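The values are calculated or read from the model by the stated rules, or taken from the named source; none is laboratory data. Since the model is a prediction, treat every value here as computed from it, not as a measurement. Methodologically, a virtual Cβ is constructed for each residue, glycine included, from the backbone with ideal geometry; neighbour enumeration extends over all protein chains shown.
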Amino acid sequence: MKTNRFLSLAAIFGFALVFTFSCSSGGGDDSSGGSKCNGKEYTISTEFCSGTIIYRKCGGLEYTPLTQFCSDDRVYSKCGGSSYNPITQFCSSRDSKVYSLCSGSEYNTETQGCQSGVIQSKCGTSGYNTETQFCSSNTIYSKCGGSSYDPSTQFCSSNTVYSKCGGSLYDPTKQGCQNGVIRGKCSATYYDCCNSSSNISACLNAYSACIESACISYYNAAISCASSASSAAQCASYINAYDTCLNEQ
């Protein structure tokens, strides 16, 4: 009876050895090769099968080629279904589009842009320099004397901000704004005075002095021309300039 038990155990042990040997050497799924992908063999230590295509592992890791890609042994998510160069590009989470890095840095593509390798605030679709420019209604303007302003109601002249006159621009060196009407500078300055002041005479004298001061250079040029040997045509140009100046006031 003991002999029979011993023989049975020996038979079971021998069968186990045969089964173990056959499983370890006959499957072909080891690191030396033998695994197949769509009928083609590949090395599972360095490659993997996805669908019907063989890919190289990425830093020793498998990944999902449909949504990921490998670059320099690192796995990255695709950007809008496309791979890109992580050394020079990045994927914007705002629109899933690929953009070039700005001097090696990523930036917010919704509010920023890259210009000459510098990350700048964006106005519309363009970047701008916030030190010297400002953005209004998606349009870039130069600052005026270092300050921004409202281009819909204001304008800049000689680094000074002025209010528009009745919605229009004017030349502050020659003109002024009076009750929404563009007038000559002297007229704009003394209009209310000459129409409401009790001392009309003083106001008119000041108005005349303003005109004389504004147009004196044209007047002197005309007088000088008339007393010289200049041609009549040349003198006429100075006289016309003087008349124009008086009318502008």
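Does Phe69 meet the test of being within 21 Å of the chain's Cα centre (by Cα) and either farther than 30 Å from Tyr42 by Cα or modelled with pLDDT of 95 or more (or both)? No. Among the residues of region 92-107, is there at least one that is touching a Lys or Arg at 6+ places or on another chain (Cβ under 8 Å) and either of a type outside the set (Val, Ile, Thr) or over 30 Å from Phe69 (Cβ atoms) (or both)? For region 92-107, residues touching a Lys or Arg at 6+ places or on another chain (Cβ under 8 Å) and either of a type outside the set (Val, Ile, Thr) or over 30 Å from Phe69 (Cβ atoms) (or both): absent.
Could you identify the single residue in Tyr84, Tyr99, Tyr76 that is part of a strand (DSSP E or B) and more than 17 Å from the chain's Cα centre (by Cα)? Answer to the selection: Tyr76. Kindly indicate whether any position in region 112-123 is assigned to a loop (DSSP other than H, G, I, E, B), within 16 Å of the chain's Cα centre (by Cα) and either surrounded by fewer than 16 Cβ atoms within 10 Å (Cβ to Cβ) or on the phi < 0 side of the Ramachandran plot (or both). Taking every residue of region 112-123 in turn, at least one turns out to be assigned to a loop (DSSP other than H, G, I, E, B), within 16 Å of the chain's Cα centre (by Cα) and either surrounded by fewer than 16 Cβ atoms within 10 Å (Cβ to Cβ) or on the phi < 0 side of the Ramachandran plot (or both). Only one of (1) surrounded by 10 or more Cβ atoms within 10 Å (Cβ to Cβ); (2) at pLDDT below 95 is not met by Leu61, so which one is it? In the conditions (1) surrounded by 10 or more Cβ atoms within 10 Å (Cβ to Cβ); (2) at pLDDT below 95, Leu61 misses (2) alone.
Just one of the listed residues (Ser227, Ser148, Ser231, Ser196) is within 30 Å of Ser126 (Cβ to Cβ) and either at pLDDT below 90 or of a type in the set (S, T, N, Q) (or both), and it is Ser148.
The number of residues in region 127-147 that are in a strand (DSSP E or B), among the small types (Gly, Ala, Ser) and over 14 Å from Cys102 (Cβ atoms) comes to 3. Considering region 157-177, and only residues there that are surrounded by 17 or more Cβ atoms within 10 Å (Cβ to Cβ) and without any contact (Cβ under 8 Å) to a residue 40 or more places away in the chain, the residue that is nearest to Val118 (Cα to Cα) turns out to be Tyr162. Of all residues in region 48-55, none are within 30 Å of Gly113 (Cβ to Cβ), among the polar types (S, T, N, Q) and either at pLDDT 95 or above or part of a loop (DSSP other than H, G, I, E, B) (or both).
The set of residues in region 56-73 being in a loop (DSSP other than H, G, I, E, B) and either hydrophobic (A, V, I, L, M, F, W, C) or more than 30 Å from Gly117 (Cβ to Cβ) (or both) consists of Lys57, Gly59, Gly60, Glu62, Tyr63, Thr64, Pro65, Leu66, Thr67. Just one residue in the set Tyr55, Tyr42, Tyr99 is crowded, with 16+ Cβ neighbours inside 10 Å, of a type in the set (Ser, Thr, Tyr), touching a Pro at 6+ places or on another chain (Cβ under 7 Å) and farther than 30 Å from Phe155 by Cα; that residue is Tyr55. Here Lys122 fits the description: closer than 30 Å to Lys164 by Cα, of a type in the set (Lys, Arg) and modelled with pLDDT under 95.
I'd like the residue in region 164-184 that is farther than 21 Å from Pro151 by Cβ and assigned to a loop (DSSP other than H, G, I, E, B) and, out of all such residues, is nearest to the chain's Cα centre (by Cα). It comes out as Lys174.
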